[in-house]
Each structure stands twice: as C-alpha cells, then as structure tokens.
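Reviewing the structure listed below.
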Amino acid sequence: MQRVAIVRFPGSNCDHDSLKAAHDAGLDSYYVWHRETDLKQADAVVIPGGFSYGDYLRSGAIARFSPVMSSVQQFALKGGPVLGICNGFQILCEASLLPGALMRNAGLAFLSRPVDVRIERTDTPFTSRYHVGQVIRLPVASGDGRFTAAKETLAELESEHRVVLRYVNAGAIDAEPNPNGSSREIAGICNPARNVVGIMPHPERAADLRTGSTAGADFLRSLAAPAAASAA
Amino acid sequence: MKFRVHVRVLPRAGLLDPQGQAVEHALAALKFGGISNVHIGKAIEFEVNADSADRAQAEVKRMCEQLLANPVTEDFSIAVEG
C-alpha cells in the first residue's frame, strides 16, 4: 500500500478530510507535523488547505520556512508526487516549487461555493483517472485564490501544457465561472516534471457521498491506482 | 549601530488591486473627489543592528527579496533611519 504524508501546520484545517480521502482511496495516510523533517518513507505528500500561520504576511509565506518544507523540497526534486490543495497550493508557490502566486480574490469576498472545473491534463500523478476535457464540480473555499504570474510564466505554463485545472462555465451554476479573477481561468498547475501539482478547489471535500459528491475522489485514487497512460 | 527600518510593500503596478479599488469607491461614497489609483499594501517596521546605513539597507533588501515581499506580485521600498 502506498504511503501518503499529510503535512500539518498550525492553522491547517483540511488535514482530517485529506487524511480520510486518502485512506478511502486505499492509501496508507498519516500526519507529519510541520516541525518534523522525516516524511516516514512517504510515496506521496499532500499539503492540505487551511490558514497556516494565520495567513500572516501572505498566505503560505511563513509555512514555507517550516522544517518539513526542506524535506518536501528534496522529495519533490527527486520526483516524488506532491499535491498542494488551496493553502497547500499557496505554500508551494511561496516555496517556488510552483511558479506564480495566489492573490486576493478579484471580488474581495472569501468564496465558499461549488465551481465547475475542467480537467486539462491527465498526465500527472493526481489526475490520471479523469479524462481530458472532463468537467467536475468541486468546492472552493478561499480568499486568496486569484492565480497570478508574469506574462512569460503564463505563456510557458500554456506551451508546456502545465495548466491542470481550469474554471469553466458549465451552465449549471448561477455565478461567474471564474470565481476569483484568476489569470487564464487557472485553477491548478503542475511543475515541469509534472510531479508537483497545486490546485485551489478541494477534491478532498468531494470524496464521500455523505458530503454530497465523490467528484474529487479520483485525485487520490489516481495516486493509489493510476489509470493507464493516455494520449494527454 | 542601531537603525530604524521602514519597509513599504505594495501590489505591483498594473496588477488588479481589489482592496485599493474598494477603498477608492468608499472614498467616493464619502464625497471625496478626485481620488484615483488607490493601492493598499503593508508597512513593516523594525530595528536592525548594522555597521552602517548602507549595510542595513543591503540586509533589509535581502529580507524583502526572501520574505517580506512576494517577488511575483509585490514591489517594496526601504527607508533606513540612523
């Protein structure tokens, strides 16, 4: 059974959901406190959502300097799969494991609502069980969700096919399809090696029918049992 | 020597600053006229020991680049008082 480390910071609040979603996907999931540096033979790392260090200074800015992050950095550089969800995405950007930054939502409001996102790439460790172009509904819960990057970085993300998730208007939600003003409707990206993925929506909150949906369950199931490689 | 440091961090010009816009609208609602280009950032103040003001300035610049400002989205300025 694959081992998944769920990293916890002071202020993480999606750690339980992530642990459970990973467990339900058939993974051996366990917590690693941010003061620790031993990832305990992890096969993958999840950095869950929340408000690490109260979002002081900037979302993810302080968490990036936690001792555990140097281990995550080494793990990622060796090709280990790392998924950052929401605040986890912000932390990965601050740590320069992913490019760009997440800025204050264009509409100012903290948004806690469902969004429709299109799976753009299935050649990452977390999306292989979806298919390209598939639209799924996931919750977002963020105040700083507006992905921003330099023009050249955005062009590079597109040309290297590193946009993994994009907000779309699937017609069913009576609200702006792009909830936060994100550049190019980007909801998730990966690094050039494709093993580090950051996404704003919360698949772990849509991984159990008792909470209304299992649309996000395949993120962690992809890790447990990757689908056969497809063209994309 | 001890220097008093004032760091100003502002969203990079040209990037959407929804907080600045909201405050601009609020000022207009209060009938303050002629207001434009409102931007909201952070002021960070601290004291630092250094051999000279130049050294202090260089040290604080490194702090800004590594932590106090986000190089993707923010610009900073530094004032050092002797």
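The table below gives the values:
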read-out	value
Area of A:Tyr167 that stays accessible when all protein chains are in place (1.4 Å probe, Å², to 10)	10
Student exercise, the range A:137-232 dipole from Lys, Arg, Asp, Glu Cβ charges, in Debye to nearest 20	180
Calculated over chain B: convex hull of Cα atoms, volume per residue (Å³)	105
Qualifying chymotrypsin sites (Phe, Trp or Tyr not before Pro) for the range A:49-115 [loop in DSSP, other Cβ within 10 Å: at most 14]	A:Tyr56, A:Phe110
Cα-based Lys proximity count in the protein assembly as shown, under 24 Å, for pairs eight or more positions apart or on separate chains	5
Solvent-accessible area per residue, Å², over the protein assembly as shown with all protein chains present [probe radius 1.4 Å]	46
Listed residues B:Ile78, B:His25, B:Val38: farthest to the positive end of the dipole of the range B:2-81 (Cβ charges)	B:His25
Translational diffusion of the range A:59-207, µm² s⁻¹ [Kirkwood Rh, Cα pairs; Stokes-Einstein; 10 °C; 1.306 mPa s]	104
Sparse-neighbourhood loop sites, GluC sites (Glu not before Pro) in the range A:85-190 - DSSP loop, at most 15 other Cβ within 10 angstrom	A:Glu160
Total charge dipole magnitude, the protein assembly as shown, about the Cα centre, Cβ charges on Lys, Arg, Asp, Glu only, Debye to nearest 20	200
Length gained when the stretch B:Ala53-B:Lys2 is fully extended (0.36 nm per residue, less Cα-Cα span)	17.5 nm
Using alpha-carbon coordinates, inclination of helix B:18-29 to the longest axis of chain B, degrees	50
Low-density loop positions, chymotrypsin sites (Phe, Trp or Tyr not before Pro), the range B:22-82 - DSSP coil, at most 14 other Cβ in 10 Å	B:Phe32
Rg followed by Dmax, in Å, when the protein assembly as shown is reduced to its Cα trace	20.6, 66
Mean residue ellipticity (222 nm) of chain A, computed from DSSP H runs ≥ 4 via -39,500 (n - 2.57), nearest 500	-5500 deg cm²/dmol
Net +/- balance of residues flanking A:Glu94 in space, Cβ distance below 9 Å, scoring K and R +1, D and E -1	+2
Cα centroid separation - the range B:6-82 against the range A:46-94, whole Å	25
Whole-number D in µm²/s for the range A:93-133 (Stokes-Einstein; Kirkwood sum over Cα pairs; 20 °C, 1.002 mPa s)	162
Helix axis angle, B:53-63 relative to chain B longest principal axis, alpha carbon, degrees	60
Residues listed by number, the range A:170-206, amide nitrogen under 19 Å from B:Gln19 label point at 7 Å toward C-beta	A:180-182
Other protein chain Cβ atoms within 10 Å, averaged over every residue that makes up A:149-156	1
Dipole of the range A:130-232, positive end: most advanced residue of A:Asn169, A:Gly212, A:Asn191 [Cβ charges, Cα centre]	A:Gly212
Residue-averaged beta-carbon neighbours from other chains (10 angstrom radius) around B:64-74	5
Shielding by partners - mean other protein chain Cβ count within 10 Å, residues of A:95-101	2
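The values are calculated or read from the model by the stated rules, or taken from the named source; none is laboratory data. The model shown is predicted, which means the values in this text are computed figures rather than measured ones. Cβ sites come from the backbone with ideal geometry, for glycine too, and all protein chains shown count toward neighbours. Side chains included, ligands, DNA and RNA excluded: accessible areas come from the protein's heavy atoms. Shrake-Rupley method; radii C 1.70, N 1.55, O 1.52, S 1.80 Å.
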